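Following: one structure in structure tokens, then a few remarks.
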Amino acid sequence: MAEERRSRVFEDRLEKLRELERRGIEPFGYSFEQTHDTRSARALFEEAETKDELSEDGRGALVRLAGRIISEREHGKTRFADLADRYGRIQLYIRRDEIGAESFELLSLFDIGDWVGVEGELFRTRMGEVSIWVNSIELLAKSLRPLPFGKEEVDAETGEKKRYSGFADIEQRYRQRYADLAVHPEVREVFLKRTKIVSSIRRFLDEREYVEVETPILQPLYGGASARPFVTHHNALDMKLYLRIADELYLKRLIVGGFERVYEIGKDFRNEGISTTHNPEFTMLEFYQAYADYEEMMSLVEELLHTLVQEVSGGSSSVVFQGQELDFTPPFRRLGYHEALREYGNLEIRELDESALRDAARSLGIEGVEMMNRPKLIDELFGELVEPHLDQPVFIVDFPREISPLAKPKRGDPELVERFELMVAGREIANAFSELNDPLDQRQRFEDQARLRAAGDEEAQSFDEDYLRALEYGMPPTGGVGIGIDRLVMLLTDQASIRDVILFPTMRPE
């Protein structure tokens, strides 16, 4: 029945389009010269009103605006409509006497969702709303499919308009993001904030003399993280290639080559499950600094996050995420990896062999433990026992060497590595190392990873001989950081799912 109704509406609008064409009206325009948008037009009128520069009948400047019709009301020889653009909405006041009978009749062939261009004078209605007294209106694009705008109510006391979505199916909103954006200005606002966050990150790093670079997405070997890759094939070269799972190893090659501070913001791809915090295609920031260690990078991450929070919140050091206020005032808490397991899980993993770790994981209901090696078991136990308790920003520091194949040994305790993860609201936001620059140690760790891979661990690191060759030329002491942009945006815009901050998330086929 719903499909039948939609078809009837589509056919009705299609007939209106044909009628417009019969009358010589182009239903899909080529351009429209604008002088203002809704925001600047409103500001222009209010400034003129303040300066008492309006005409005797209360009208202001002549403006030309374009946007989508999102509501309309007819009162005899007068029509009211709301026109929306990227900055908001403004009311249109259209009188037959003003635009002429023929043009006014044509409005019956317009629909909610159509794109139009209007010209008219600004004025304020008796209800106090800044509006446009239209003297001409031009169809720019006919909408054949009705957008699910839903129901709108006006509060009798405050005059505030409240809209109830007609697009409640969240899966469909993700699939039809174009319609979601069209009817939900608050969704557009999330993605505008995302753009500002990324711009702020670039500005922060550029001001500190980092150089933005681009490294290969298609790689003959994948590395820099523990994850399963997507695999493709290059026909001309007849070779297997992988979509990168991280930018790390190429960026560190650049440190070897003399770029002392580099960063990249780009897409990575991991062939893993989909959840509220995982999408197979995601955006990463990675930055590397020569002559720095993880302590210096920790301070830099604190400063970056604090700066971003202040910019997003209008100067505050806190944001609210899912009902909880999170304070990003530096310094953040530091907590050792082993200390965290003792504090939250009463577990001392240094004293447990692989069998005991497997028993501990099994007792917590972790699935698939029989196929897990020691590093994987440790990682799963930490995720189950510790991460849910880490709400306020905290640096988990000094990880076990066996789960960190690219980090330098910790000074004073070679069983650990100089690595930190920034945890906020129970999830990882940043991961960083004092980068391993000893090619002999790195070769040994690649060999350890190769043994794990041979034993069935598909997420173990690849053996990258060219990267070892780069290290053999010499890489200075280096600090490196990776930050998941999507999770960071979730945090700073109070979105519960990663799909709410990715314009076109990966979905199952309809």
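The numbers here are math on the coordinates, done by the rules we state, and not lab data. In this text, all values refer to a predicted model and were calculated from it rather than measured experimentally. With ideal geometry, Cβ positions are generated from the backbone for all residues, glycine too; neighbour counts draw on all protein chains shown.
Return one quarter of the surface area of the convex hull spanned by the alpha-carbon atoms of the range 226-298, equal to its mean projected area, in nm². Computed as one quarter of the Cα hull surface, the answer is 6.8 nm². Principal axis extents of the C-alpha atoms in the chain (largest first, rounded to whole Å): 86, 52, 48. Here, the range 23-63 is characterised by an Rg to Rh ratio of 1.20, where Rg is the alpha-carbon radius of gyration and Rh the Kirkwood radius.
Could you list the residues of the range 70-104 with an amide nitrogen less than 16 Å from a label point located 7 Å from the Cα of residue 48 in the Cα-to-C-beta direction? Residues passing the 16 Å test: 91-93. Volume per residue for the range 382-432 equals 76 cubic angstrom (convex hull of Cα atoms). Only alpha carbons enter this Debye calculation for the range 333-379, each as an equal point scatterer, and the log10 of I(q)/I(0) it gives at q = 0.19, 0.26 Å⁻¹ is -0.59, -0.99. Ordering 321, 301, 287 by Cα displacement along the dipole of the range 262-325 toward the positive end leaves 321 in first place; charges were set at the Cβ atoms of Lys, Arg (+1) and Asp, Glu (-1). Size descriptors for the range 2-146: radius of gyration and Dmax over Cα atoms are 16.0, 55 Å. Between residue 136 and residue 169, the simple spin-label model (points 7 angstrom out along Cα→Cβ) gives 4.3 nm. 3J(HN,Hα) along the range 56-62: 4, 8, x, 8, x, 5, 7 Hz, from the Karplus curve 6.51 cos²θ - 1.76 cosθ + 1.60 with θ = phi - 60°, whole Hz, x for Gly and Pro.
For the pair residue 7 and residue 329, the difference between a 0.36 nm per residue extended length and the Cα-Cα distance amounts to 110.4 nm. With all pairs of different C-alpha atoms in the average, the Kirkwood value for the hydrodynamic radius of the range 318-430 is 14.9 Å.
Potential lengthening of the chain between residue 71 and residue 444 amounts to 127.6 nm, from the contour at 0.36 nm per residue minus the alpha-carbon distance. Estimated from the Cβ-Cβ distance and a Förster radius of 25 angstrom, the FRET efficiency linking residue 453 and residue 506 is about 0.45. Return, ordered by residue number, the residues of the range 417-435 whose backbone nitrogen is under 18 Å from a label point located 7 Å along Cα→Cβ of residue 318. Within reach of a label on residue 318: 424-426. Expressed per residue, the C-alpha convex hull volume of the range 187-323 stands at 157 Å³.
Computed from the C-beta positions of residue 307 and residue 40 and an R0 of 45 Å, the FRET efficiency is 0.95 to the nearest 0.05. Computed from backbone phi, the HN-Hα couplings of the range 9-15 come to 5, 4, 5, 4, 5, 5, 5 Hz, rounded to whole numbers (Karplus: 6.51 cos²θ - 1.76 cosθ + 1.60, θ = phi - 60°; Gly and Pro given as x). Scanning residues 5 or more positions from residue 425 or on other chains, those with amide H under 5 Å from its amide H are 391, 392, with H placed 1.01 Å from N in the peptide plane.
Take the Cα of residue 389, step 7 Å toward its Cβ, do the same at residue 188, and the gap between the two points is 4.6 nm.
Close amide H contacts of residue 166 (hydrogens built in the peptide plane, cut-off under 5 Å, sequence separation of 5 or more or a different chain): 150, 151.
Maximal additional length on extending the residue 359-residue 126 stretch stands at 76.5 nm, based on 0.36 nm per residue less the C-alpha distance. Annotation: amide H-H contacts under 5 Å for residue 347 (H modelled 1.01 Å from N, sequence separation of 5 or more, or interchain): 342.
On the principal axes of its alpha carbon atoms, the range 290-369 extends 50, 40, 22 Å, with the longest extent given first.
Derived scalar couplings between HN and Hα for the range 118-129 equal 10, 10, x, 9, 7, 7, 10, 6, 4, 7, x, 9 Hz in order, rounded to whole Hz, by the Karplus curve 6.51 cos²θ - 1.76 cosθ + 1.60 (θ = phi - 60°), x for Gly and Pro.
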